[in-house]
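Report on the structure given below.
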């Protein structure tokens, strides 16, 4: 066991955890001021729910002994057997506990991503129920298929850090959610704009920072492959930001802050499945393509009539597909011998075909299962808040809190009293 690798993975796990408050900032800045707390709370609550369920049963469903290529066995329930020694099926140099907690934060951020699709209109307990069920019935099986010895890993599909497991699954679960819960009130007739773009930019910065743990940590060792994933992550994000800015300029003759940070996230999403299989040059290509494609993809919601509040489908769903498929063109065994050579590096189209199967499986499974779960929740406890709560905003109308309080009632009253006293003429003035 390596002390260096262990320290590196624990630090990487902490960086992935930091992405969750980063996501809270990113999302809450884009909603209206009356929903800032409710939106941020969902990210934090997803972390709480998943932290408990992952220990109880989520981890073993994802990484337990393979059962028919579809799901893991129950031997690791309640972290039984997940101890301080390595499990050589996953890593020979770090404690099994370190691997399990690293994977926990991947599992936590994925349902948190989905919340951007139904922001400003879902009941809190409906969100909590959906997050719990989705973790166990969608995320855990997909993680097993790709990383836990399931059928996609046997097929040879490549996903270094979660393009299919995290981003495609979240993107198409988001599509199902947006379609079932319906549009926000007034979205077609009222201009709805982000209330705090500095929050969103801060969140994007935290996501970019934490993503180094997400991708480079997936090497599971402090080695050359981790360094490659670190560099490819950075340059893909940068290239995608430039690509999205170019689209902004072509469309509107200006570069926007929202577009720039959206480009960063699109690049980070697209490089996630490829970070440990491609060179920095190829990562730049992936980033540029992701920036261009995702910038146009976010406009599809207007064309097809679904209200994906914070563009989870266009950025995470489409970005994940871009990255997963481009592996089939630009992957190199010279970067990672356990991967393969893409079509541009002397390989056949077989790898692209395998990647396409993995993408299709993730899209269909995540969408269909999410649709079923959301319908069940809607028929039982209901998905959507009341019209009055939505109009007032979820912070005040549902959680009885205010995101911004500039003066309380007593201060207002005091200020009004002072104003009245100052305005009242004195007796001396009257005599004069």
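Taking (1) farther than 15 Å from residue 215 by Cβ; (2) within 19 Å of the chain's Cα centre (by Cα) in turn, residue 248 satisfies each apart from (2).
Taken over the range 277-295, the residue count meeting the criterion of being surrounded by fewer than 24 Cβ atoms within 10 Å (Cβ to Cβ) and either closer than 23 Å to residue 226 by Cβ or in contact (Cβ under 8 Å) with a residue 60 or more places away in the chain (or both) is 5. I'd like the residue in the range 316-365 that is farther than 19 Å from residue 275 by Cβ and either under 26 Å from the mean Cα position of the chain (by Cα) or touching a residue at least 24 places away in the same chain (Cβ under 8 Å) (or both) and, out of all such residues, is surrounded by the fewest Cβ atoms within 10 Å (Cβ to Cβ). Across the range 316-365, the extreme among qualifying residues is 364. Among all positions in the range 80-96, there is no residue which is modelled with pLDDT of 95 or more and touching a strand residue (DSSP E or B) at 6+ places or on another chain (Cβ under 9 Å). Return only the number of the condition from (1) in a helix (DSSP H, G or I); (2) within 15 Å of residue 311 (Cα to Cα) that residue 116 does not satisfy. Residue 116 satisfies every listed condition except (1). Among the residues of the range 189-222, those that are in a loop (DSSP other than H, G, I, E, B) and within 17 Å of residue 15 (Cβ to Cβ) comprise 220, 221, 222.
When the range 185-211 is filtered for residues that are under 30 Å from residue 93 (Cα atoms) and either surrounded by fewer than 23 Cβ atoms within 10 Å (Cβ to Cβ) or over 21 Å from the mean Cα position of the chain (by Cα) (or both), the ones remaining, listed by number, are 206, 208, 209.
Against the numbered list (1) in contact with a strand residue (DSSP E or B) (Cβ under 7 Å, 6 or more places away or on another chain); (2) crowded, with 19+ Cβ neighbours inside 10 Å, residue 73 comes up short only at (2).
Taking the range 1-89 and the helices (runs of 4 or more DSSP H) fully enclosed by it, the elements with 2 or more residues that are free of Cβ contacts under 8 Å to residues at least 24 places away in the same chain and in contact with a helix residue (DSSP H, G or I) (Cβ under 9 Å, 6 or more places away or on another chain) are at 36-53.
Let's see how each residue does on (1) in a helix (DSSP H, G or I); (2) modelled with pLDDT of 95 or more; (3) more than 27 Å from residue 274 (Cβ to Cβ):
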{"position": "139", "(1), (2), (3)": "yes, yes, no"}
{"position": "154", "(1), (2), (3)": "yes, yes, no"}
{"position": "160", "(1), (2), (3)": "no, yes, no"}
{"position": "165", "(1), (2), (3)": "yes, yes, no"}
{"position": "180", "(1), (2), (3)": "yes, yes, yes"}
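Please indicate, with yes or no, whether at least one residue in the range 405-417 is in contact with a helix residue (DSSP H, G or I) (Cβ under 8 Å, 6 or more places away or on another chain) and either exposed (fewer than 14 other Cβ atoms within 10 Å of the Cβ) or modelled with pLDDT of 95 or more (or both). Yes, that holds for at least one residue.
Does any residue of the range 37-55 turn out to be over 19 Å from the mean Cα position of the chain (by Cα) and crowded, with 23+ Cβ neighbours inside 10 Å? The answer is no; no qualifying residue exists. Listed by position, the helices (runs of 4 or more DSSP H) inside the range 243-326 whose residues that are over 30 Å from residue 35 (Cα atoms) number at least 2 are 280-297. Screening residue 230 against (1) under 28 Å from residue 195 (Cα atoms); (2) part of a helix (DSSP H, G or I); (3) free of Cβ contacts under 8 Å to residues at least 60 places away in the same chain leaves a single unmet condition, (1).
Within the range 120-141, none of the residues are out of contact with any helix residue (DSSP H, G or I) (no Cβ under 8 Å at 6 or more places or on another chain), in contact (Cβ under 8 Å) with a residue 24 or more places away in the chain, under 21 Å from residue 354 (Cα atoms) and surrounded by fewer than 24 Cβ atoms within 10 Å (Cβ to Cβ).
Checked against (1) part of a helix (DSSP H, G or I); (2) in contact (Cβ under 8 Å) with a residue 60 or more places away in the chain; (3) surrounded by fewer than 24 Cβ atoms within 10 Å (Cβ to Cβ), residue 97 passes all but condition (2). For the residues 162, 116, the requirement of being within 30 Å of residue 386 (Cβ to Cβ), touching a helix residue (DSSP H, G or I) at 6+ places or on another chain (Cβ under 9 Å) and buried (at least 18 other Cβ atoms within 10 Å of the Cβ) singles out 116. Under the condition of being more than 30 Å from residue 163 (Cβ to Cβ) and in a helix (DSSP H, G or I), the residues counted in the range 357-410 number 14.
The values are calculated or read from the model by the stated rules, or taken from the named source; none is laboratory data. This structure is a prediction, so every number in the text was calculated from the model and none was measured. Quick reminder, even Gly has a Cβ in these numbers, built from the backbone with ideal geometry, and neighbours come from all protein chains shown.
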